[in-house]
Amino acid sequence: MAKFGERLFNWFDERYKIRGFIEFMSHKSVPQHRHSIWYYFGGVSLFLFIIQVVTGILLLLYYRVGEDSSYESVQFIVSKVKFGWLIRSIHSWSANLMILAVFIHMFSVYFTKAYRKPRELTWVTGFLLLILSLTFGFSGYLLPWNELAFFATKVGTEIIGSIPVIGKELLIIVRGGEDVTGATLSRFFGLHVAILPGIFTVILFIHLLFVQIQGMSEPPEWEKLPPEKRKYIPFFPNFLLRDLLLWLIILNILAVLAVFFPWDLGKKADPFAPAPAGIKPEWYFLFMYQTLKLLPPKVLFIEGEFFGVLIFTVAGILWMLVPFWDVKTEKGYRNRLINYIGLFVLIYMITMTILGYALS
Amino acid sequence: MVQEHRSSRRNFLNYILGFGFLGWIISVLYPIIRYIIPPKIPEAKVKSVKVGKVGDFNPGTGTIFKFGNKPGILIRLETGEFRAFSAVCTHLDCTVQYREDMKAIWCACHNGVYDLNGRNISGPPPRPLEAFRVIVRGDEIYVSKEG
Amino acid sequence: MRRFIVLILSLFISVSALSQTGDGCYNCHKDAVGDKATELYPGDVHFKLGISCADCHGGDKTSDDMDVAMSKEKGYIGVPKGDKITSVCLRCHSDDAIMGKFGSKIDVKQFKLFKASVHGKSEIATCVTCHGVHNIKKVTDPASPVYPTSEVRLCSRCHSDANYMKRFNPALPTDQFEKYKTSVHGQRILKGDVKVATCSDCHSAHDIFKANDPRSTVFASTLPKTCAKCHSDADYMRGYKIPTDQYEKYVQSVHGKALLEKGDLSAPACNDCHGNHGAIPPGVKSISHVCGVCHALNAEMFSRSPHAEVFEKKNIPQCEICHGNHLIEHPTDEMLGVSTKSTCIKCHKEGDKGFEVARQMRDMIDTLVVRASKAKAILDEAEYKGMDVSDARYEMNDVPQILIKTRTVIHTANLNEFKETIEPGYEIVDRVTKSGLDAIYEYYFRRWGLGISTLIITVLVIALYLKIKQIEKKR
C-alpha cells in the first residue's frame with residue numbers, strides 16, 4: 001500500500017516536480033500572536049464559498065429559471081426532492097455566513113493594517129471579492145421568485161434609476177426592461193450562475209496566489225521585535241488542521257441552522273399585488289438602504305438618493321485604495337487616523353443596520 | 001511503558017480520526033446522493049400539465065385530472081374535440097363531473113349544471129367554469145392555463 | 001261626496017274666471033268650430049286653472065281675427081307632435097316658480113326622470129300617451145287614465161299588444177296583465193280596491209327602467225324594499241290580515257343576506273318565490289317545486305323520500321316545515337338528529353324508525369366533521385413544522401364536498417344512500433391523517449439525522465483538536 005503511494009508520488013513528481021512545492025509548503029509558517037485568530041476568517045470565507053459552489057451546483061439540477069417555473073421548481077426542491085430542503089437551506093444560510101465572514105475578514109485585515117506594502121494588491125483583490133459576494137447575494141435573492149425577493153429587488157434596483165442622465169438606461173439594462181419581470185429573473189440567473197462565478201474564481205485564485213507567495217502578514221509591532229521573539233507555527237499540518245477544525249464547526253452550525261431555521265419560501269411573487277409591509281433588502285445592504293432612506297430629498301442641488309449613491313461609491317473607492325494613501329503605516333509609524341476611520345465605518349454600518357430593523 | 005502507552009493512545013486517536021472522517025464523508029455524501037436521485041413524482045408544473053394520450057379518452061366522456069393543487073376536467077365531445085375547464089364548481093367549490101345523459105357538466109352537490117362551454121346554465125352556480133386551453137401535440141394532450 | 005262638491009265648486013269658479021278674461025281661441029272654437037278638443041277641455045285640470053289653448057298651442061288668444069290669432073308671428077305652433085308635446089308640457093311642469101303660482105306640489109323633475117327611462121323617447125311615449133290630452137285629470141281622480149283601477153289597463157294597451165311591443169323589445173313578454181289578473185293584487189283591483197299594487201307602484205311612474213337595470217325599482221336587490229313599501233307598513237296593511245314582518249325576516253335570511261349584503265343577484269328576491277306579476281303565496285304542495293327551482297337536488301331527493309307522501313297526506317308544508325319561509329337561516333347540522341334543536345323530533349319520537357335514522361345520520365356527520373378537523377390540525381402542525389403537505393391538502397379539498405353531499409342526501413331520509421355518500425369521506429380523512437403524521441415523523445427524522453451527523457462531526461472536531469495538541473506537543 002505504502003509502496004503504491006510512493007510510486008504514485010514519484011510518477012507525479014517526475015512530471016510536475018511537486019517535491020519542490022511540498023518543500024515550499026512544509027516551510028511555510030504562520031505567525032502566532034494575540035491577533036492570530038483573525039487569520040482564520042479568510043479560510044472560513046473560502047470554505048463557505050466552496051459550500052456555495054457545491055450546493056449551488058446541486059440546486060441547478062432541479063432549478064428552472066422562469067416566471068412560471070422558478071418558484072415552482074424551488075418549491076419542488078424543498079418539498080419533493082429528498083434532502084432538497086437541506087441543500088437549499090444550507091445554500092441560503094451559507095451565503096449569509098459567507099458575507100459575514102468576508103466582512104470580518106476585511107475589517108480584521110484593515111485594523112491589523114495587513115494591507116500595507118507589499119500586500120496592496122491582495123487588499124484590492126479582496127475588496128473586489130467582497131463586491132462580487134454582495135452582487136452574488138443580491139442576484140441570488142431574486143431567484144426563488146417569491147414576494148419578498150421580488151419587491152426587495154424592485155426597491156433595490158430602483159436606486160440605480162436615481163443616477164442622473166444614464167440612470168434610466170442603466171436601470172433598463174439591469175432589469176432587462178422597465179420593470180422587474182421574468183426578463184430580470186433571467187438576467188440575474190445568468191449573472192448568478194455563470195458570470196459571477198467565472199470572475200469570482202479568477203480573482204479568488206489571484207488573491208490566494210498572492211497570499212501563498214507572500215505568506216501571512218505579520219503585525220506592524222513585530223518589526224521592532226528581535227527575530228527570536230517572533231513565534232510561528234508551521235502552515236502544514238498545524239495551521240491547516242486548525243483551519244479544518246474551524247470548518248467542521250462551521251459545518252455543524254450550518255446544519256443546525258438549516259434544520260432548525262429552514263429558509264422560508266413564502267408566497268409566489270405577484271407583480272400586480274401591492275407590496276407587503278416591511279420590505280427590506282438583505283441585512284448586508286441594510287446600512288446603505290437605511291442611509292438612502294434617511295437622506296433628505298435634496299442635498300445641495302443633487303437628488304438625495306443619488307447623493308447617497310455617490311457618497312457610497314466614493315467611500316468604497318477610497319476604502320479600496322487605502323493601502324495607497326495610508327503612507328504613514330507603510331513607513332512604520334502608527335497611523336491612528338486609519339483606526340478612527342475604520343471604527344467610524346464599523347459603528348456607522350452597525351448603527352444603520354440596527355436602525356433599519358428598528359425603524360420598520 | 002510510557003512510550004508504549006503513548007503510542008497506543010496515538011493509534012486510538014488516529015482510528016477515531018479515520019472513522020470520524022469516514023462518517024463525516026458519509027453524512028455529507030448520503031444527502032447529496034439522495035438529492036441527486038430524481039424523485040418519482042414528475043415535476044409539478046402548474047401552468048400546463050400533460051393529461052394523457054388521445055386514445056385514452058373516448059368521445060363523449062369527461063375525466064378529472066390534477067391541475068396544480070386543484071382539479072380540472074377534460075371533456076372529449078362526441079365530435080372528438082377536446083375541451084378543458086377547472087373542475088371547481090363556482091358555487092361552493094365542489095368538483096364537477098361530466099354527465100353523459102345530460103351532455104353537460106354537472107355538480108353533484110347542488111345540481112348545478114354547466115353546458116359544454118363551461119357556462120352555468122342551471123342551478124346555483126353564479127359564474128361559468130374557468131376555461132383552460134387544450135393542446136394536442138402529436139398523440140399527447142396538454143392542458144394549459146392560458147385560454 | 002265631498003270631493004265631488006269641491007270639484008263642482010272649483011269648476012264653477014274657474015269657468016267664470018275664464019269667461020271674465022275672454023279666451024278668443026276657446027270661444028271661437030267652441031261656438032264656431034265645435035271640435036272635440038274644446039268639448040273636452042272644460043273637464044281638464046288645466047282649464048280649471050285658467051290655462052288657455054294659446055298657452056300650449058301658441059298664438060294670440062285676444063285677437064278675434066283668425067289669421068292674426070293663429071299666425072306664426074304670434075307663435076302659433078298648431079298641433080304639437082313628438083318631442084314638441086313634451087316641450088309644451090315642460091314649459092310649466094319643469095319650472096318650480098310657475099308651478100308654485102298655481103299652488104301645485106307636483107314634482108318638477110318628472111320630465112327629467114321620464115327622459116332617462118325606457119319610455120323616454122317620443123316615438124314610444126310622451127306625456128299625453130298616459131295622461132291624455134284636453135281632458136287631463138289629477139291622478140287621484142277616478143276618471144284619470146292613470147288612476148289605479150285604470151292604470152293597469154292603460155299600461156296593458158301597449159304591453160299586452162305583442163305586435164306593438166315587437167317593434168321596441170321583441171324579447172319582452174306581453175302576458176304581464178294576464179298574470180296580474182291571477183295575482184292577489186290583480187283580483188283585488190278588479191274588485192275596486194285601489195290600495196293594492198298596480199304597475200306604477202312597483203315599476204314607478206316616470207322613471208321606469210328595465211328590471212335588470214340597477215336603477216330600476218324592481219332590480220333584484222332593490223325589489224324587496226319596493227315590496228316592503230306596502231307590505232311592511234302595518235297601518236297600510238291593516239285589514240288584509242297578513243303579517244307585515246316578511247321583509248324584516250327576509251333581510252336576516254340566507255337569501256336576504258346573499259342578495260342584499262353579498263350582492264349575489266342569483267339569490268332569490270320576493271318575486272322569485274311568489275312570482276312577480278302573478279304574485280301569490282305558493283300553495284302547500286308547490287313549495288318544494290318553488291324551492292326546487294334552485295335547490296333542485298334537494299327537491300328531487302325529498303320527492304323520493306318517505307316524507308313526501310306523508311307530508312302530502314297531512315298537508316304539511318314541505319320544505320317550510322323544517323327550514324321556515326321568509327326567515328330561512330343557514331342550515332346547521334343541529335337541525336338533524338334527536339337533540340332539542342333538531343327539527344326531526346317535531347314528528348319523530350324515541351323508538352320509531354325515523355328517530356333512529358336521524359340519530360345515526362347526525363352521529364356520522366359529526367364524526368366526519370370532528371375527524372376532518374383533527375386531520376386538518378395535523379396538517380397544520382406539519383406545515384407549522386415546515387413540512388410540505390400540499391398533496392394531502394389537495395385531497396382534503398374533497399371532504400367539504402362530501403359533507404355538502406351528505407347534508408344534501410339526508411333529504412332522502414335513506415340511511416343506505418347516506419352511508420354510501422359519507423363513507424369515502426372517512427377514507428379520505430384516514431389517508432390525510434396518515435400522510436400528515438408521516439410528515440410530522442419525517443420532521444423528527446430530520447432532527448435525528450441532524451443529531452447523528454452533528455455527533456459525528458463533533459467527535460471529529462474533538463479528535464482533531466487532540467491531534468493538533470499531540471502534534472504541537474511533539475515539537
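The values are calculated or read from the model by the stated rules, or taken from the named source; none is laboratory data. All figures in this text were calculated on a predicted structure; none of them were measured in a lab. All Cβ positions, even for glycine, are placed from backbone atoms using ideal geometry, and neighbour counts span all protein chains on display. Ligands, DNA and RNA are stripped out before the accessible areas are found, and what is left, the full protein with its side chains, is counted by its heavy atoms. Shrake-Rupley method; radii C 1.70, N 1.55, O 1.52, S 1.80 Å.
I'd like the full set of residues that are open to solvent by 60 Å² or more (accessible area, probe 1.4 Å), among the aliphatic types (A, V, I, L, M) and without any contact (Cβ under 8 Å) to a residue 12 or more places away in the chain, limited to segment C:83-108. Matches in segment C:83-108: C:Ala97 only. For segment B:93-104, state whether one or more residues are touching a residue at least 40 places away in the same chain (Cβ under 8 Å), on the phi < 0 side of the Ramachandran plot and open to solvent by less than 50 Å² (accessible area, probe 1.4 Å). So far as segment B:93-104 goes, no, none of its residues is touching a residue at least 40 places away in the same chain (Cβ under 8 Å), on the phi < 0 side of the Ramachandran plot and open to solvent by less than 50 Å² (accessible area, probe 1.4 Å).
Just one of the numbered conditions (1) away from chain C (no Cβ under 14 Å); (2) open to solvent by 30 Å² or more (accessible area, probe 1.4 Å); (3) outside any helix (DSSP H, G or I) is not true of A:Pro262: (1).
Here A:Lys17 qualifies as of a type in the set (Lys, Arg) and at positive phi. Residues in segment A:265-296 that are open to solvent by less than 40 Å² (accessible area, probe 1.4 Å), closer than 20 Å to A:Gly140 by Cα and not hydroxyl-bearing (Ser, Thr, Tyr): A:Leu265, A:Ala269, A:Ile279, A:Pro281, A:Glu282, A:Phe285, A:Leu286, A:Phe287. For C:Ala125, the stated conditions do not hold, so it cannot be described as part of a helix (DSSP H, G or I), over 15 Å from C:Val45 (Cα atoms) and of a type in the set (Gly, Ala, Ser).
Annotation: of all residues in segment C:289-307 being away from chain B (no Cβ under 14 Å) and surrounded by 19 or more Cβ atoms within 10 Å (Cβ to Cβ), the one that is nearest to the chain's Cα centre (by Cα) is C:Val290. Out of C:Asn397, C:Asn414, one residue alone is among the polar types (S, T, N, Q), touching a residue at least 24 places away in the same chain (Cβ under 8 Å) and open to solvent by 20 Å² or more (accessible area, probe 1.4 Å). It is C:Asn414.
Checking segment A:63-81 against the condition returns no match, with no residue being more than 30 Å from A:Arg175 (Cα to Cα), touching a Lys or Arg at 6+ places or on another chain (Cβ under 8 Å) and part of a loop (DSSP other than H, G, I, E, B). Checked against the criterion of being open to solvent by less than 40 Å² (accessible area, probe 1.4 Å), farther than 15 Å from A:Gly161 by Cβ and at pLDDT below 85, the candidates A:Val299, A:Val327 yield just one match: A:Val299. Picking from residues in segment B:32-65 that are of a type in the set (Lys, Arg) and modelled with pLDDT of 80 or more, the one that is most open to solvent (accessible area, probe 1.4 Å) is B:Lys53.
Every residue in segment A:17-53 that is within 13 Å of A:Met216 (Cα to Cα), more than 26 Å from the chain's Cα centre (by Cα) and among the small types (Gly, Ala, Ser), please. Residue satisfying the conditions is A:Ser29 alone.
Summed over segment C:241-265, residues that are touching a residue at least 12 places away in the same chain (Cβ under 8 Å), farther than 17 Å from C:Cys230 by Cα, open to solvent by 40 Å² or more (accessible area, probe 1.4 Å) and assigned to a loop (DSSP other than H, G, I, E, B) total 2.
Residue by residue, here is whether (1) part of a helix (DSSP H, G or I); (2) away from chain C (no Cβ under 14 Å); (3) open to solvent by 20 Å² or more (accessible area, probe 1.4 Å) holds:
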{"site": "A:Trp85", "(1), (2), (3)": "yes, no, yes"}
{"site": "A:Tyr110", "(1), (2), (3)": "yes, yes, no"}
{"site": "A:Arg116", "(1), (2), (3)": "no, yes, yes"}
{"site": "A:Ser133", "(1), (2), (3)": "yes, yes, no"}
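Residues that are in contact with a Pro (Cβ under 6 Å, 6 or more places away or on another chain) and within 14 Å of chain C (Cβ to nearest Cβ) within segment B:90-136 comprise B:Thr90, B:His91, B:Thr95, B:His110, B:Gly112, B:Arg119, B:Asn120, listed in sequence order. Candidates A:Thr184, A:Thr112: the one that is in contact with a Lys or Arg (Cβ under 7 Å, 6 or more places away or on another chain) and at pLDDT below 95 is A:Thr184.
Taken over segment C:266-288, the criterion of being assigned to a helix (DSSP H, G or I), open to solvent by 30 Å² or more (accessible area, probe 1.4 Å) and either of a type outside the set (S, T, N, Q) or over 19 Å from C:Thr182 (Cβ atoms) (or both) is satisfied by C:Cys270, C:Asp272, C:Cys273, C:His274, C:Val284, C:Lys285. Taking first residues from segment A:25-42 that are under 22 Å from A:Pro227 (Cβ atoms) and partners that are β-branched (Val, Ile, Thr) and in a strand (DSSP E or B), the Cβ contacts under 7 Å between residues at least 6 apart in sequence or on separate chains come to A:Ser29/A:Ile233; A:Val30/A:Ile233; A:Gln32/A:Ile233; A:Tyr39/A:Val30. Being open to solvent by less than 40 Å² (accessible area, probe 1.4 Å) and not aliphatic (A, V, I, L, M) is the filter here, so list the residues in segment A:74-83 that pass it. A:Phe76, A:Ser79, A:Phe83, listed by residue number.
Count of segment C:12-43 residues, restricted to those that are at pLDDT below 50 and either in contact with a Ser or Thr (Cβ under 9 Å, 6 or more places away or on another chain) or aliphatic (A, V, I, L, M) (or both), is 4. Of all the numbered requirements in (1) within 30 Å of B:Ser122 (Cβ to Cβ); (2) within 14 Å of chain A (Cβ to nearest Cβ); (3) loosely packed, with under 14 Cβ neighbours inside 10 Å; (4) not basic (Lys, Arg), C:Tyr384 misses one, and that requirement is (1). Scanning segment C:222-240 for residues that are in a helix (DSSP H, G or I) and either surrounded by 13 or more Cβ atoms within 10 Å (Cβ to Cβ) or within 21 Å of the chain's Cα centre (by Cα) (or both) yields C:Leu223, C:Pro224, C:Lys225, C:Thr226, C:Cys227, C:Ala228, C:Lys229, C:Cys230, C:His231, C:Tyr236, C:Met237. For C:Phe355, the stated conditions do not hold, so it cannot be described as of a type in the set (Phe, Trp, Tyr), more than 29 Å from C:Ser435 (Cβ to Cβ) and within 14 Å of another protein chain (Cβ to nearest Cβ). When residues in segment A:211-246 are screened for being within 30 Å of A:Phe83 (Cα to Cα) and more than 10 Å from every other protein chain (Cβ to nearest Cβ), 1 of them pass. Evaluated against (1) in contact (Cβ under 8 Å) with a residue 60 or more places away in the chain; (2) among the aromatic types (Phe, Trp, Tyr); (3) within 13 Å of chain C (Cβ to nearest Cβ), A:Phe47 falls short on exactly one condition, (3). Kindly indicate whether any position in segment A:58-73 is crowded, with 19+ Cβ neighbours inside 10 Å, polar (S, T, N, Q), out of contact with any helix residue (DSSP H, G or I) (no Cβ under 7 Å at 6 or more places or on another chain) and more than 14 Å from chain C (Cβ to nearest Cβ). The answer is yes, given that some residue of segment A:58-73 is crowded, with 19+ Cβ neighbours inside 10 Å, polar (S, T, N, Q), out of contact with any helix residue (DSSP H, G or I) (no Cβ under 7 Å at 6 or more places or on another chain) and more than 14 Å from chain C (Cβ to nearest Cβ).
Among the residues making up segment C:47-81, those that are under 21 Å from C:Ala125 (Cα atoms) and open to solvent by 30 Å² or more (accessible area, probe 1.4 Å) are C:Cys56, C:His57, C:Ile77, C:Val79, C:Lys81. Here C:Ala392 clears all of (1) away from chain A (no Cβ under 14 Å); (2) touching a Lys or Arg at 6+ places or on another chain (Cβ under 9 Å) except the condition numbered (1).
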